[in-house]
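**Q** Dropping a structure here in structure tokens format, bear with me for questions.
The values are calculated or read from the model by the stated rules, or taken from the named source; none is laboratory data. Remember, predicted model here, so these are calculated numbers, not experimental data. Counting neighbours? That spans all protein chains shown, and the Cβs are built from the backbone with ideal geometry, glycine included.
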Amino acid sequence: MHFTNSLEPAGLIQHFLDHPPADFEVLRSSLGQPGFRMDFDLFTTGDPATLKRLDALPFSRWLRRRLTWRTLFFGTTVSEYLPAVAHIDARTQLESMLTAWKKSTRLLIIKDIPEDSPLLPADERAAAADLISVCENEGFVPVAGQALAYVNIDFQDEDEYLSRLSSGRRKNIRRKLRVRGDLRIEIVSTGSERLNDAAFLEELYGLYLEVYAQSEIHFDRLSADFFRAVLRDGSIDGHLFLYHASDKLIGFNLCFIHNGMLIDKYVGFRYPDARDHNLYFVSWMENLAFASARRLSHYVAGWTDPEIKAYLGAKFTFTRHAVYVRNPLLRRVMGKFSKLFEHDKAWFEEMQR
């Protein structure tokens, strides 16, 4: 099925539906819009100061349980933006989602509607704006999503890219990149014979779980079956960057080429080796070099860790979540407290001052 707002191959969404994350119940609307139900902690994306105060309360565990609601999301956790159905107006798309919901959960969230994204064509940006407007007219509360990092590939080489950063950052990044001489880097395409090795796939999944375990936000734990299906799919133009030190695999980065852009999706690191070899910095520059060599237009670096991505020279674009609370009283309360859930937006606005 063809979706608009697509920064990644459609096959990735199908693998998500075939092999959903743990505790997700996936579904489609009558129009084919993908979604999922889960028990959602309302403070998953709360700002750190609020979470710290909340966790300090003597009854914080009880309160967090009370604020974990069964929720229907439209969208996926493997697509940067809400997959929208081509050639269908915003009103019809929303009605299809509402019909599928049928007030079956306390909360309905239409996630990651792009907000004037520079990564999309003008007609798709306009359609996304229409959907946000229709949702607001129906009583949805708009909440800013996370910061999506990207880099324009408009430089000739690494030196030109780094020349645009401050002298202090250039010096620090070059110092961190000195370890590249100790690394062996290879790139394996998805669908290749090597990715039929079950033991190798298990090792890769274990590295993903190491990153998941140390993440601050635990929202979706992707399954081993999902990774196996994606890595064995040769139709989705995926590229697996493998980083070895002393013949030991210490990390991977799985990216996709789609619509002339390099989309960074998944990483796995072996700790502490990955930190010791500055793998975050090294993989960033390797991805930029890969995108430049193939004359791609953008490197899309994903949602997490906006501070370090800004340090490395990324720009940012945002989404909106359209949130509807079934209880009308709580719906009014939600509108007054929505800013508590817009941590990335607050960070970005502070950075711009």
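**Q** Just one of (1) crowded, with 20+ Cβ neighbours inside 10 Å; (2) assigned to a helix (DSSP H, G or I) trips up A229, so point out which.
**A** Condition (1) is where A229 drops out.
**Q** For the stretch 45-159, list the strands (runs of 3 or more DSSP E) that sit wholly inside it and hold at least 3 residues that are surrounded by fewer than 22 Cβ atoms within 10 Å (Cβ to Cβ) and without any contact (Cβ under 8 Å) to a residue 60 or more places away in the chain; which are they?
**A** Ranges flagged: 68-74.
**Q** Looking at the stretch 268-325, which of its residues are among the acidic types (D, E) and within 16 Å of Y161 (Cβ to Cβ)?
**A** Hit for the stretch 268-325 is E286, nothing else.
**Q** What residue, of E138, E80, is out of contact with any Asp or Glu (no Cβ under 6 Å at 6 or more places or on another chain) and under 23 Å from G313 (Cβ atoms)?
**A** E80
**Q** Here's a check for you: in the stretch 160-175, which residue that is surrounded by 12 or more Cβ atoms within 10 Å (Cβ to Cβ) and not charged (D, E, K, R) is nearest to S79 (Cα to Cα)?
**A** By that ranking, first place goes to Y161.
**Q** Given the structure, is R178 exposed (fewer than 15 other Cβ atoms within 10 Å of the Cβ) and without any contact (Cβ under 8 Å) to a residue 40 or more places away in the chain?
**A** yes
**Q** Among (1) buried (at least 17 other Cβ atoms within 10 Å of the Cβ); (2) under 22 Å from G11 (Cα atoms), where does S235 come up short?
**A** Evaluating S235 over (1) buried (at least 17 other Cβ atoms within 10 Å of the Cβ); (2) under 22 Å from G11 (Cα atoms) leaves (1) as the failure.
**Q** Just to be sure before I move on: is E342 of a type in the set (D, E) and either assigned by TED's automatic domain parsing to the domain that holds H258 or at pLDDT 90 or above (or both) in the structure I sent?
**A** It is false that E342 is of a type in the set (D, E) and either assigned by TED's automatic domain parsing to the domain that holds H258 or at pLDDT 90 or above (or both).
**Q** Across the stretch 300-320, which residue is surrounded by the fewest Cβ atoms within 10 Å (Cβ to Cβ) among those that are among the hydroxyl-bearing types (S, T, Y) and part of a strand (DSSP E or B)?
**A** Top of the filtered list is T317.
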